[in-house]
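Inspection log for the structure reproduced underneath, given as structure tokens.
The values are calculated or read from the model by the stated rules, or taken from the named source; none is laboratory data. All of these numbers come straight from a predicted model, not from anything done at the bench. Every residue, glycine as well, gets a Cβ built from its backbone with ideal geometry; the counts of neighbours run over all protein chains shown. Accessible surface areas use protein heavy atoms only, side chains included; no ligands, DNA or RNA. Shrake-Rupley method; radii C 1.70, N 1.55, O 1.52, S 1.80 Å.
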Amino acid sequence: MASDSGIGIHDLSFATTEFVLPHTALAEYNGTEIGKYHIGIGQESMSVPAADEDIVTLAAAAAAPIVERHGSERIRTVVFATESSIDQAKSGGVYVHSLLGLPSAARVVELKQACYGATAGLQFALGLVARDPSQQVLVIASDVSKYELDSPGEATQGAAAVAMLVGADPALIRFDGPSGLFTADVMDFWRPNYRDAALVDGQESISAYLQAVEGCWKDYTEQGGHSLDEFAAFCYHQPFTKMAYKAHRHLLNYCGFDTDKDVIEQGLGQTTAYNRVIGNSYTASVYLGLAALLDQAEDLTDRSIGFLSYGSGSVAEFFAGQVVPGYRDQLRTAEHQKAIARRTELDYAGYKELHERSFPTDGGDYPTPVQTGGQFRLAALRGHKRIYERR
Ligand code: CAA
């Protein structure tokens with residue numbers, strides 16, 4: 001039986017990389033007018049992983065403060081969502097489970113459906129907790145977004161992980177009402193197994209996203225969800241922050257609401273601060289939007305938030321959550337701001353070198369240079385195995 005106080009996000013923490021590339025450096029290199037990046041796509045900088053960082057080290061760094069605060073006794077499931085997976089068989093979550101010393105009596109699994117994966121994880125977590133409210137589920141979204149050098153997608157890279165502890169009587173967000181669902185088989189963005197950078201049809205991906213917004217909202221209303229004007233704010237998937245503005249304008253239009261600039265800004269302006277400087281973090285993006293909103297907004301107690309999760313290919317979901325009284329005491333605003341501020345700025349040459357780096361595939365011993373100052377690092381690739389260490 002579910003608890004009377006509902007089920008939702010009890011704690012949320014994010015981590016990002018050692019390095020950052022300002023869009024000014026990219027623009028200077030490729031001759032792009034900076035307004036295209038700062039205004040046209042709404043991005044200022046993008047997180048770049050060090051040679052000894054990957055989705056596992058980012059995920060462990062995001063989840064460690066949660067385990068520190070709450071212990072791990074009640075965590076019986078770890079869901080690891082990513083679309084930049086490091087192995088075709090083993091879940092990245094098992095490495096995180098080990099790095100954090102989580103109980104062996106746990107199930108750990110990796111989920112994939114482009115940027116939508118973590119939302120699937122969250123929904124599955126709600127079901128598990130409804131079945132046994134004494135259990136908690138650790139949902140981790142971790143991704144490194146990588147496009148080819150000199151491609152249009154290059155300016156929309158980034159990397160981050162968000163960890164969420166899902167349980168009964170949550171301290172941050174209580175989910176309520178139905179979900180609006182939408183799936184359509186489209187080739188807007190994909191990454192074949194033989195590539196480490198994604199392929200994308202940029203304009204097609206924007207239309208596919210907007211079509212999915214419409215589709216899942218339609219289903220949400222048919223399932224008896226809230227009306228649009230009941231929401232205090234909207235957290236959209238943000239491949240670049242301008243996309244959230246396009247999506248919200250589209251939704252307001254579709255519902256016959258005013259699409260005035262101020263109305264749109266009011267609906268999502270406070271969700272973009274972290275994505276604007278971190279870049280696309282794929283599965284983590286919509287939850288970075290939530291972190292920015294909770295960390296920055298005036299009191300949101302008891303207000304409803306709409307979530308729009310989109311994963312290319314494509315699957316989308318609209319769902320609602322209510323902000324829990326006392327949530328501000330649980331926030332990690334200072335740590336989040338520190339994670340962003342501690343990054344070291346790269347110049348274009350430094351970024352390019354990291355972008356082009358990859359491990360040989362011959363099974364040899366390849367230690368990584370010590371670059372990250374973080375708690376977790378990818379120390380080597382040895383005999384086809386990734387070797388991680390905790391400092
Ligand atoms: N000042 C201000 N604005 C400027 C400008 C200037 N000097 N120059 C151009 N702009 C504006 C353009 O008018 C345009 O704005 P609108 O879209 O509002 O018209 C914007 O800057 C971008 O310009 P272009 O469309 O010409 O840019 P582009 O062709 O280089 O590509 C992109 C942009 C398609 C987003 C590309 O970066 C890309 O392919 N990114 C990866 C795909 C992506 O992120 N898709 C999003 C939906 S899919 C999804 O959400 C899943 C996912 O995570 C990938």
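DSSP beta bridges in the chain, what fraction antiparallel, as a percent rounded to 5?
Percent antiparallel among DSSP bridges in the chain is about 75.
Hey, can you find the accessible area per residue of segment 174-328 for me, probe 1.4 Å, expressed in square angstrom?
Computed with neighbouring chains in place, this is 39 Å² per residue.
R0 = 45 Å: FRET efficiency of residue 258 with residue 387, Cβ-based, nearest 0.05?
Numbers: r = 56 Å, r/R0 = 1.24.
Here the calculated transfer efficiency is 0.20.
Specify the residue with the greatest mean-square fluctuation among 166, 139, 94, computed from a Gaussian network of the chain linking alpha-carbon atoms under 10 Å apart.
94
Could you work out the helix-only [θ] at 222 nm for the chain, with each DSSP H run of four or more residues adding -39,500 (n - 2.57) and the total divided by the number of residues, to the nearest 500 deg cm²/dmol?
It lands at -10000 deg cm²/dmol.
Need one number for segment 174-328: average projected area of the convex hull over its C-alpha atoms, nm².
Answer in nm², one decimal: 9.3.
Which three semi-axes in whole Å describe the equivalent ellipsoid of segment 1-102, each the square root of 5 times a Cα gyration tensor eigenvalue, listed largest first?
Details: eigenvalues 242, 68, 31 Å².
Square roots of five times the eigenvalues give 35, 18, 12 Å.
For a label point 7 Å from the Cα of residue 222 along Cα→C-beta, name the residues of segment 172-197 whose backbone N is under 17 Å from it.
Backbone N within reach: 178-185.
List the equivalent ellipsoid semi-axes of segment 81-240 in whole Å, largest first, each obtained as the square root of 5λ for an eigenvalue λ of the Cα gyration tensor.
27, 25, 13
Can you pull the percent of the chain's accessible area that's carbon plus sulfur, 1.4 Å probe, other chains left in place?
Answer for the chain is 49 percent, counting heavy atoms of protein chains only.
Measuring from centroid to centroid over Cα atoms, what is the spacing of segment 232-305 and segment 348-391 in Å?
35
Where does the charge balance sit around residue 294 when Lys and Arg score +1, Asp and Glu -1, over other residues with C-beta under 10 Å from its C-beta?
It works out to a net charge of +1.
Once you wrap a convex hull around the alpha carbon atoms of the chain, what is its projected area averaged over all directions, in nm²?
Numbers: hull surface 72.0 nm².
Directional mean of the projected Cα hull area for the chain stands at 18.0 nm².
With every protein chain left in place, what is the accessible area of residue 185 in Å² (1.4 Å probe, nearest 10)?
Estimated to the nearest 10 Å², residue 185 gives 140 Å².
Full extension from residue 38 to residue 68: what is 0.36 nm times the residue separation minus their Cα-Cα distance, to one decimal in nm?
Details: separation 30, 0.36 × 30 = 10.80 nm, distance 3.72 nm.
Once the chain is fully extended between residue 38 and residue 68, it gains 7.1 nm.
If you count only protein heavy atoms and use a 1.4 Å probe, how large is the accessible surface of residue 309, to the nearest 10 Å²?
My reading of the accessible area for residue 309 is about 0 Å².
Return the lysines within reach of residue 242: Cα separation strictly under 27 angstrom, same-chain partners fewer than 8 residues apart disregarded; answer none if there are no such residues.
36, 112, 146, 218, 261, 338, 352
Choose one answer from 138, 294, 199: the residue with the largest mean-square fluctuation in a GNM of the chain with alpha-carbon springs under 10 Å.
Of the options given, 199 has the highest mean-square fluctuation.
Going toward the positive end of the dipole of segment 44-135, with +1 on Lys and Arg Cβ and -1 on Asp and Glu Cβ, which of 89, 105, 46 do you reach last?
The Cα lying farthest towards the positive end belongs to 105.
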